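Everything on this sheet refers to the single structure shown next.
The values are calculated or read from the model by the stated rules, or taken from the named source; none is laboratory data. None of the values given here were measured: they were computed from a predicted structure. Note that we place each Cβ from the backbone using ideal geometry, even for glycine, and neighbour counts take in every protein chain shown.
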Amino acid sequence: MKLFKFPLSYYFFIVLIAFSCKSIDPLASSEDYKFIKNPNNIYFNIIQLNDVYEIAPIQGNKYGGMARVEALHKKVLAENPNTMLVLAGDFLNPSLLGTMKVDGERVRGKQMVEVMNAMNFDLVAFGNHEFDLSYENLQNRLNESHFEWISSNVFHKQGGKNHFFHKVIEGKKEAVNETYIQEFSSGGKTIKIGFISVCIPSNPKSYVSYSDMFSEAERTYNELKDKVDFVLGLTHLSIDQDKKVAALLPKIPLLMGGHEHTNTYEKVGNSFIAKADANAKTVYIHRFEYNPKTNELNFKSELKTIHDKFPEDPKVGAIVNKWQNLLHEKIKEVIDNPDEKIYTAKVPLEARDTPIRSIQTNMGEIVAESMSYAFNNKVDCAFVNGGSIRIDDVLEGDVTSLDIFRVLPYGGPVLKVKLKGKLLQEVLDFGITAKGTGAYLQRFNITKNLSGEWLIKNSKIDYNKEYIAATSDYLLKGFDIPFLKPSNPQVVDIYTPKTGELSSDVRKSVIAFLKTK
């Protein structure tokens, strides 16, 4: 038998190949985010999400997806059964699925609650978008949820009095608590963790009463702190408001928050504020170590990107697929291929609620310009109410037809309206003064000069001239701008598109326009 001798470098090469071929678990965390276990200490984890409206992956399947989050959740549970799954507000609305009708009734967050129940969420906070729903729909979602809710500053206003929101379980009312206590045990030792929560009062509704965020946070903290080993925050506030809470309550080690949709991790004194990206593009894993003898608490926060290399939990995936199939059937009534990639957003398209209702954004201008495009640009200008753009998110990277349905879930035809210059001036003035509301107008071919005068295609408005504008059927019903309706004598003519025309659905218009880019 002949023996072959190979140089040492050959064996190194073989080992290198073997190592590189070994699959890397995308769910695994670096050891930098873990503690070396001390048998005298207690360890637990909290997985934090916030502002999740989509149960399926986003951006062409690249990011997010609750089935992927559940795969991560199970991985962390296997690492340590003392693990909580929490959501810091905003999940019942807005979503394209939520606007869909099933058996004659709009879904209104039912799909999200079903998925979250399957994932065994532990605790959620109210966000401002929960109150987009009618009281009846919100009550139904509360009743359906298997997880706990908390908030100390939002109340159900009824008959001139404030009441705690509640669930109805087997015919009995169970009040939503102002605070929450979680116990974890390990090695015969037990720890009690308290949670407080406050919500930004940015969504006034007739059935909701808001009390002061800061006084309620301080009150509930003081009522809770002696009943537990330490207190955490699960808030839905602006970052500046979270910073104020952290400064007000310097002994809270961590505020897990939401609202901005963009991940952040900031320190105020000895407290940290953590927010993940919207729609589960990222989640935070907070790993805690507690010494019961010294009451010392340490934690490490890992921001985990939920991407397309993640596996999907089959149970949650089946529920997501059920809802997505229903959605695709509805969308195919308007377009053939909902998942078609139609545009690449190299510059993020701004469609979050606050900017879209306050300033001209690139997403708003795209919608308005698409309305002009729907009529072969044979109009003088176009405008649309910011409130019709309901995604409350930023689009970046690959954009699909489905994303445009998420942007404009209610659709509706684009109308061509001939109106007098004086009325056009009044409409544009109203749209600016409505800043901060859904009536704020996103515009195309409409600007202002240095003197603050409105320009249509760079020319000042002539009160006596008749202008042709593209706009939504919603606005022409007078809902946001009360005087903009067919009965106004300064509305000269209205063209309503026929079925099959590009302008028959604003989403078709936007999709066709973006394909030209």
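Pairs linking a residue in the stretch 134-160 that is farther than 18 Å from Cys199 by Cβ and assigned by TED's automatic domain parsing to the domain that holds Val124 to a residue that is of a type in the set (Phe, Trp, Tyr) and surrounded by fewer than 21 Cβ atoms within 10 Å (Cβ to Cβ), with Cβ atoms under 6 Å and 6 or more positions apart or on different chains, do not occur. How about the stretch 472-490: which of its residues are surrounded by 15 or more Cβ atoms within 10 Å (Cβ to Cβ) and within 13 Å of Val414 (Cα to Cα)? Once the filter is applied, which keeps residues that are surrounded by 15 or more Cβ atoms within 10 Å (Cβ to Cβ) and within 13 Å of Val414 (Cα to Cα), the stretch 472-490 yields Ser472, Asp473, Tyr474, Leu475, Leu476.
Condition check for Val399 on (1) more than 30 Å from Ile331 (Cα to Cα); (2) touching a helix residue (DSSP H, G or I) at 6+ places or on another chain (Cβ under 8 Å); (3) among the β-branched types (Val, Ile, Thr): one failure, at (1). Only a single criterion out of (1) out of contact with any Leu (no Cβ under 7 Å at 6 or more places or on another chain); (2) surrounded by 17 or more Cβ atoms within 10 Å (Cβ to Cβ) is not satisfied by Ser271, namely (1).
Set side by side, the residues Val320, Val379, Val316, Val334 differ, and just one is hydrophobic (A, V, I, L, M, F, W, C), farther than 24 Å from Asn50 by Cα and at pLDDT 95 or above, which is Val379. Screening the stretch 233-272 for residues that are in contact with a Ser or Thr (Cβ under 7 Å, 6 or more places away or on another chain) and among the β-branched types (Val, Ile, Thr) and picking the one that is farthest from Leu27 (Cα to Cα) gives Val245. Every listed requirement among (1) surrounded by 20 or more Cβ atoms within 10 Å (Cβ to Cβ); (2) out of contact with any His (no Cβ under 7 Å at 6 or more places or on another chain) is met by Leu254 save one, (2). One residue stands out among those in the stretch 299-326 that are over 27 Å from Ile36 (Cβ atoms) and of a type in the set (Gly, Ala, Ser): the one that is surrounded by the most Cβ atoms within 10 Å (Cβ to Cβ), which is Gly317.
Among the candidates Leu96, Leu87, the residue that is over 28 Å from Ser401 (Cα atoms), within 17 Å of the chain's Cα centre (by Cα) and either assigned by TED's automatic domain parsing to the domain that holds Asn291 or at pLDDT below 95 (or both) is uniquely Leu87. When you look at Gly269, is it modelled with pLDDT of 95 or more and under 16 Å from the mean Cα position of the chain (by Cα), yes or no? So Gly269 fails the test.
The number of residues in the stretch 358-386 that are in a loop (DSSP other than H, G, I, E, B) and touching a strand residue (DSSP E or B) at 6+ places or on another chain (Cβ under 9 Å) comes to 8.
Residues that are surrounded by fewer than 22 Cβ atoms within 10 Å (Cβ to Cβ), more than 30 Å from Lys517 (Cβ to Cβ) and without any contact (Cβ under 8 Å) to a residue 60 or more places away in the chain occur at least once in the stretch 281-298. Within the stretch 375-394, being out of contact with any Pro (no Cβ under 7 Å at 6 or more places or on another chain), touching a residue at least 40 places away in the same chain (Cβ under 8 Å) and closer than 30 Å to Gln59 by Cα holds for Phe375, Ala382, Phe383, Val384, Asn385, Gly386, Gly387, Ser388, Ile389, Asp393. When Ile342, Ile356, Ile331 are checked against the criterion of being touching a residue at least 24 places away in the same chain (Cβ under 8 Å), outside the structural domain of Ile432 (by TED's automatic domain parsing) and either on the phi < 0 side of the Ramachandran plot or hydroxyl-bearing (Ser, Thr, Tyr) (or both), a single residue qualifies: Ile331. Given the criterion more than 26 Å from the chain's Cα centre (by Cα) and aromatic (Phe, Trp, Tyr), identify the matching residue among Phe383, Phe375. One residue alone meets the criteria, Phe375. Within the stretch 498-517, the set of residues being touching a strand residue (DSSP E or B) at 6+ places or on another chain (Cβ under 7 Å) and surrounded by 14 or more Cβ atoms within 10 Å (Cβ to Cβ) comprises Ser503, Val506, Ser509, Ile511, Leu514. Out of curiosity, is Lys435 in contact (Cβ under 8 Å) with a residue 60 or more places away in the chain and surrounded by fewer than 19 Cβ atoms within 10 Å (Cβ to Cβ)? Considered against the rule, which asks whether it is in contact (Cβ under 8 Å) with a residue 60 or more places away in the chain and surrounded by fewer than 19 Cβ atoms within 10 Å (Cβ to Cβ), Lys435 comes out as yes. Looking at the stretch 250-339, the strands (runs of 3 or more DSSP E) lying wholly inside it that each contain 3 or more residues that are among the charged types (D, E, K, R) sit at 296-305.
Checking every residue in the stretch 71-82 against the condition of being of a type outside the set (A, V, I, L, M), under 21 Å from the mean Cα position of the chain (by Cα) and assigned to a loop (DSSP other than H, G, I, E, B) gives zero matches. Just one of the listed residues (Leu138, Leu97, Leu142, Leu92) is in a loop (DSSP other than H, G, I, E, B) and not hydroxyl-bearing (Ser, Thr, Tyr), and it is Leu92.
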